[in-house]
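Asks: Structure in structure tokens, see below.
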Amino acid sequence: MKLKTTLVAALLGTTGFAGTATAQTELTMWYHGGGNEVESNILNSIVSDFNASQGDWMVSVESFPQGSYNDSVVAAALAGNLPCILDVDGPVMPNWAWAGYMQPLPISDAALDGHLDSTIGRWNGEVYSVGLWEAAVALYARQSTLDALGLRTPTLDAPWTGDEFMAALAAAKASGEYEFALDPGMAWTGEWYPYAFSPFLQSFGGDIVDRSTYQTAEGALNGDAALAFGDWWQSLFTEGYAPGTSQDPADRDTGFIDGKYAFSWNGNWAGVATLDGGVDDVVFLPAPDFGNGSVIGAGSWQFGASGTCPHPDGVAAFVEHALQDQYLAAFSDGIGLIPSTTEAAAMTKNYAAGGALQPFFGLSEAQALVRPVSPGYVVAAKVFEKALADIANGADVADTLDAAVDEINADIERNGGYGH
Amino acid sequence: MAAITSDNHGLRLVTRYVVLTLIAIIFVFPLIFMVMSSFKPDLQLLRDTSGIRAFLPVGDISLNNYVAAFERAPVALFVFNSVLVTGVTVLLSLLLCSMAAFSFVFLQWRGRNVLLSIIIATLIVPFETIAIPLLLLVSKLPWIGFDGFTIGWLNSYRVQIIPWIADGLTIFLFVQFFKDLPRDLIEASRVEGASWWQIYTKVVMPLSGPVIATAAILKFLVMYNQYLWPLIVVQEETYRPVMVGLQYFFQLNTAWGEVMAYLTVITVPVLTFYLILQRAFIASIASTGVKG
């Protein structure tokens with residue numbers, strides 16, 4: 001009898017244990033931060049906290065190196081092997097949503113209160129993804145350079161006009177102190193071109209596509225404003241203000257620090273390295289205003305639910321958990337990116353009031369414009385990149401932009417308007 | 001007259017050595033740059049690229065990049081995966097492709113010439129064109145293993161090995177080599193009562209050292225440098241090879257010193273393998289004219 005009781009107790013005990021262990025539904029998650037130990041550690045701690053905080057969901061992370069992440073996701077989508085939680089780059093999200101790789105994220109509005117708008121990925125009126133951080137671009141300069149050249153220090157409220165900006169480049173060139181007045185970052189190819197340079201086009205009044213319909217690039221990329229932008233862009237190289245597409249990547253990384261360039265158009269992620277490189281008086285200036293306001297690119301990595309995930313509510317629960325200010329601040333302190341809320345920014349060492357990179361938070365708040373929210377962006381971005389490289393290398397501005405428009409329009413047409 | 005001939009000979013010798021040295025420098029300097037840069041901090045590495053210092057162990061030299069590289073990524077695991085996948089694939093490829101070539105050259109069966117032509121024709125098909133269909137295929141293939149019966153080969157070693165075992169180039173190399181073997185030898189073996197299997201194992205393969213070395217090195221390089229295929233069929237870090245692992249080092253701010261340290265580490269197996277087989281490889285190239 002005693003043996004029987006013991007066996008029954010053991011059976012109940014093991015069954016109960018198994019019941020506890022299997023109560024949590026596993027949510028696999030793919031993340032682009034493979035190779036970034038700090039980033040991975042922070043994410044793993046968020047996941048551990050989430051798994052321990054509730055009994056419904058158990059998130060497990062598989063990290064990928066960023067350079068191959070998108071290809072891995074597309075291949076997995078083809079093979080029907082997507083995870084539940086996807087990490088997605090902001091401008092790519094509409095394409096993945098349109099292709100069915102992602103589904104709407106059933107997250108509460110309250111969870112998104114106070115977040116930078118550019119960290120919320122929306123498509124067709126629904127939230128698909130949310131980011132814990134943002135990135136921003138600024139014009140790097142030395143205060144000593146501005147003083148020596150007699151230049152006004154531009155502010156968020158009073159950025160340089162286009163004329164002031166060109167006068168600053170001319171003054172830097174005339175000083176003979178620099179190899180080039182401006183380093184736009186031509187050595188960085190790929191997404192850097194549309195991310196960093198399309199804001200100039202937008203400031204001129206143009207755009208990569210017509211955002212009112214997303215059905216054409218006609219007029220936006222080859223209208224008068226775009227032509228003016230193209231002429232200005234080409235003049236940077238023909239006038240000798242900036243190194244061309246053959247820029248040495250090493251110069252891109254250290255040229256400003258070494259004093260080869262008076263100004264550098266660069267992201268907040270390079271801020272700490274610049275300070276560590278000994279540029280104590282670096283100032284992060286807003287983009288110049290070419291007539292339609294100062295604009296910088298926006299939209300970084302975000303979390304969402306894959307199209308095949310049977311538990312989007314579980315994904316939403318995880319994302320809501322991850323959006324706590326303490327985690328946003330931890331990511332910012334760890335990898336230098338901009339936290340997505342003011343409260344979190346105040347908790348960081350770089351973006352709090354008086355922090356070395358605090359101007360970037362203001363830039364994101366005031367000037368950020370997400371790249372065209374369209375599935376066709378992934379193609380348009382590559383076309384735009386090639387057009388800008390060609391123009392920098394001396395191609396005819398009008399012909400190049402017309403050809404780019406034709407290519408973008410053909411792609412939109414081939415894909416039935418991309419669901420807009 | 002004898003003096004003039006001697007002078008010409010000396011001049012030609014000097015010229016030859018100068019040219020060969022210059023060519024050697026062109027090929028060796030990237031390796032020297034890689035190794036030297038792997039000991040330097042990033043800022044110094046980038047600044048040194050503009051001069052001869054890039055090729056010298058000068059400045060702030062340390063093993064820090066190697067330590068950081070091993071901390072950033074599971075380097076040993078990636079090297080193990082690549083060596084395992086490459087080693088098994090090379091061995092199976094040598095076995096099966098040589099058997100196929102043996103069949104094409106020495107056995108008489110209907111359609112062998114047509115089939116050989118088709119196999120050789122696959123050499124002109126870029127892998128990229130069949131990558132997606134192959135992905136869809138392997139994602140649906142059945143398998144019986146320790147986990148029982150499963151569907152789909154993704155995230156495994158076998159998906160990196162099996163599709164690469166047989167290839168047109170390796171079969172072609174063996175076919176060409178086997179064709180040059182003396183027929184009398186095969187016929188004499190048949191007369192002596194040897195089976196085809198015995199002829200393959202005891203007669204043909206022992207004579208095929210050079211082509212085995214050539215095929216092994218070419219296959220080794222193809223497999224060790226695999227990027228696209230493992231990228232799309234392997235999502236778990238456990239099975240990732242070295243070339244996909246290289247992407248771990250390209251972050252927002254690329255750690256160039258760690259990149260060089262990682263490249264130095266993953267180059268070691270390739271150089272070791274080549275040094276072991278180089279004599280046979282060179283002999284094979286000299287005799288068959290095959291270029292890698």
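Asks: Look through A:Phe256, A:Phe284 and report the one residue that is in contact with a Pro (Cβ under 9 Å, 6 or more places away or on another chain) and either basic (Lys, Arg) or in the same structural domain as A:Phe200 (by TED's automatic domain parsing) (or both).
Replies: Residue meeting the stated conditions: A:Phe284.
Asks: Can you find, within the range A:244-268, the residue that is nearest to the other protein chains (Cβ to nearest Cβ) among those that are hydrophobic (A, V, I, L, M, F, W, C) and under 27 Å from A:Ser364 (Cα atoms)?
Replies: Per the criteria, the residue is A:Ile257.
Asks: Which ones in the range A:118-136 are of a type outside the set (S, T, N, Q) and either without any contact (Cβ under 8 Å) to a residue 40 or more places away in the chain or assigned to a strand (DSSP E or B) (or both)?
Replies: Of everything in the range A:118-136, those that are of a type outside the set (S, T, N, Q) and either without any contact (Cβ under 8 Å) to a residue 40 or more places away in the chain or assigned to a strand (DSSP E or B) (or both) turn out to be A:Ile120, A:Gly121, A:Arg122, A:Trp123, A:Gly125, A:Glu126, A:Val127, A:Tyr128, A:Val130, A:Trp133, A:Glu134.
Asks: Related question: Could you list all residues from the range B:244-263 that are surrounded by fewer than 20 Cβ atoms within 10 Å (Cβ to Cβ), hydrophobic (A, V, I, L, M, F, W, C) and without any contact (Cβ under 8 Å) to a residue 60 or more places away in the chain?
Replies: Hits for the range B:244-263 are B:Phe250, B:Leu252.
Asks: When both residues are 6+ apart or on different chains and their Cβ atoms are under 6 Å apart, which pairs have a first residue that lies in the range A:220-243 and is within 10 Å of A:Ala392 (Cα to Cα) and in the same structural domain as A:Ala168 (by TED's automatic domain parsing), and a second that is among the small types (Gly, Ala, Ser) and assigned to a helix (DSSP H, G or I)?
Replies: Within 6 Å, the pairs are A:Phe237/A:Ala392.
Asks: Now for a separate question. Does any residue of the range A:338-346 turn out to be surrounded by fewer than 22 Cβ atoms within 10 Å (Cβ to Cβ), without any contact (Cβ under 8 Å) to a residue 12 or more places away in the chain, in the same structural domain as A:Glu126 (by TED's automatic domain parsing) and farther than 23 Å from A:Asn51 by Cα?
Replies: yes
Asks: Next up: In the range A:244-261, is there at least one residue being hydrophobic (A, V, I, L, M, F, W, C) and free of Cβ contacts under 8 Å to residues at least 24 places away in the same chain?
Replies: Within the range A:244-261 (the criterion being hydrophobic (A, V, I, L, M, F, W, C) and free of Cβ contacts under 8 Å to residues at least 24 places away in the same chain), the answer is yes, since at least one residue qualifies.
Asks: Give the number of residues within the range A:279-332 that are without any contact (Cβ under 8 Å) to a residue 12 or more places away in the chain and of a type in the set (D, E, K, R).
Replies: Of the residues in that region, 1 qualify.
Asks: With the condition kept exactly as written, say whether any residue in the range A:162-172 is within 21 Å of the chain's Cα centre (by Cα) and either of a type outside the set (Gly, Ala, Ser) or crowded, with 23+ Cβ neighbours inside 10 Å (or both).
Replies: The answer is no; no qualifying residue exists.
Asks: Taking the residues in the range A:296-321 that are within 30 Å of A:Gly162 (Cβ to Cβ) and touching a Phe, Trp or Tyr at 6+ places or on another chain (Cβ under 8 Å) as candidates, determine which candidate is surrounded by the fewest Cβ atoms within 10 Å (Cβ to Cβ).
Replies: Residue satisfying both the conditions and the ranking: A:Ser300.
Asks: OK, next. Could you please give the count of residues in the range A:186-212 that are in contact (Cβ under 8 Å) with a residue 24 or more places away in the chain, small (Gly, Ala, Ser) and crowded, with 24+ Cβ neighbours inside 10 Å?
Replies: Summing the residues that are in contact (Cβ under 8 Å) with a residue 24 or more places away in the chain, small (Gly, Ala, Ser) and crowded, with 24+ Cβ neighbours inside 10 Å in the range A:186-212 gives 2.
Asks: Right, here's the next one. Determine whether A:Asn393 is over 23 Å from the mean Cα position of the chain (by Cα), over 25 Å from A:Thr213 (Cβ atoms) and not charged (D, E, K, R).
Replies: So A:Asn393 fits the description; yes.
Asks: Also, I was wondering about something else. Restricting to the range B:221-238, count the residues that are within 16 Å of the chain's Cα centre (by Cα) and under 15 Å from A:Gly67 (Cβ atoms).
Replies: Residues in the range B:221-238 being within 16 Å of the chain's Cα centre (by Cα) and under 15 Å from A:Gly67 (Cβ atoms): 3 in total.
Asks: Looking at B:Arg47, B:Arg16, which one is modelled with pLDDT under 95, of a type in the set (Lys, Arg) and buried (at least 16 other Cβ atoms within 10 Å of the Cβ)?
Replies: The unique qualifying residue is B:Arg47.
Asks: Please determine whether any residue of the range A:127-143 is among the charged types (D, E, K, R), in contact with a helix residue (DSSP H, G or I) (Cβ under 7 Å, 6 or more places away or on another chain) and buried (at least 22 other Cβ atoms within 10 Å of the Cβ).
Replies: yes
Asks: Shifting gears a bit: Restricting the search to the range B:36-83, which residues are out of contact with any helix residue (DSSP H, G or I) (no Cβ under 9 Å at 6 or more places or on another chain) and assigned to a helix (DSSP H, G or I)?
Replies: B:Ile52, B:Phe80, listed by residue number.
Asks: One residue is enough: does the range B:208-225 have a residue meeting the conditions over 30 Å from B:Leu263 (Cα atoms) and among the small types (Gly, Ala, Ser)?
Replies: Yes, that holds for at least one residue.
Asks: Would you be able to say whether some residue in the range A:61-82 is within 14 Å of chain B (Cβ to nearest Cβ), in contact with an Asp or Glu (Cβ under 8 Å, 6 or more places away or on another chain), closer than 21 Å to B:Leu154 by Cα and assigned to a strand (DSSP E or B)?
Replies: yes
Asks: Residues of the range A:282-303 being under 14 Å from A:Pro359 (Cβ atoms) and assigned to a loop (DSSP other than H, G, I, E, B), which ones?
Replies: A:Pro286, A:Ala287, A:Ser294
Asks: Continuing with the same structure: Restricting to the range B:85-103, and then to whatever is surrounded by fewer than 20 Cβ atoms within 10 Å (Cβ to Cβ) and more than 16 Å from the chain's Cα centre (by Cα), can you tell me which residue is farthest from B:Ala213 (Cα to Cα)?
Replies: Only one residue tops the list, namely B:Ser103.
Asks: Do we find that A:Val315 is outside the structural domain of A:Gly271 (by TED's automatic domain parsing), at pLDDT 95 or above and not small (Gly, Ala, Ser) in this structure?
Replies: Spelling it out, A:Val315 is indeed outside the structural domain of A:Gly271 (by TED's automatic domain parsing), at pLDDT 95 or above and not small (Gly, Ala, Ser).
Every residue, every condition in (1) within 14 Å of chain A (Cβ to nearest Cβ); (2) touching a residue at least 40 places away in the same chain (Cβ under 8 Å); (3) small (Gly, Ala, Ser), yes or no:
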position	(1), (2), (3)
B:Ser38	no, yes, yes
B:Pro41	yes, yes, no
B:Leu46	yes, yes, no
B:Ala54	yes, no, yes
B:Pro57	no, no, no
B:Glu71	yes, no, no
B:Val75	yes, yes, no
B:Phe78	yes, yes, no
B:Ser93	no, yes, yes
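Asks: Filter the range A:83-117 for residues that are under 16 Å from A:Trp301 (Cβ atoms) and in a strand (DSSP E or B) and give the result.
Replies: A:Ile85, A:Leu86, A:Asp87, A:Val88, A:Asp89, A:Met102, A:His115
Asks: For the range B:141-246, give me every one of the helices (runs of 4 or more DSSP H) that falls completely inside it and has 2 or more residues that are away from chain A (no Cβ under 14 Å) and out of contact with any His (no Cβ under 6 Å at 6 or more places or on another chain).
Replies: B:158-161, B:168-179, B:183-191, B:209-224
Asks: Checking A:Ala135 against (1) over 30 Å from A:Gly244 (Cβ atoms); (2) within 24 Å of the chain's Cα centre (by Cα): exactly one of these is not met. Which one?
Replies: Every condition holds for A:Ala135 apart from (1).
Asks: Out of curiosity, is A:Gly190 modelled with pLDDT of 95 or more and out of contact with any Cys (no Cβ under 7 Å at 6 or more places or on another chain)?
Replies: Considered against the rule, which asks whether it is modelled with pLDDT of 95 or more and out of contact with any Cys (no Cβ under 7 Å at 6 or more places or on another chain), A:Gly190 comes out as no.
The values are calculated or read from the model by the stated rules, or taken from the named source; none is laboratory data. It should be emphasised that the depicted structure is a prediction, and the values quoted were computed from it without experimental measurement. Neighbour counts are summed over all protein chains in view; Cβ atoms, including those assigned to glycine, are modelled from backbone coordinates with ideal geometry.
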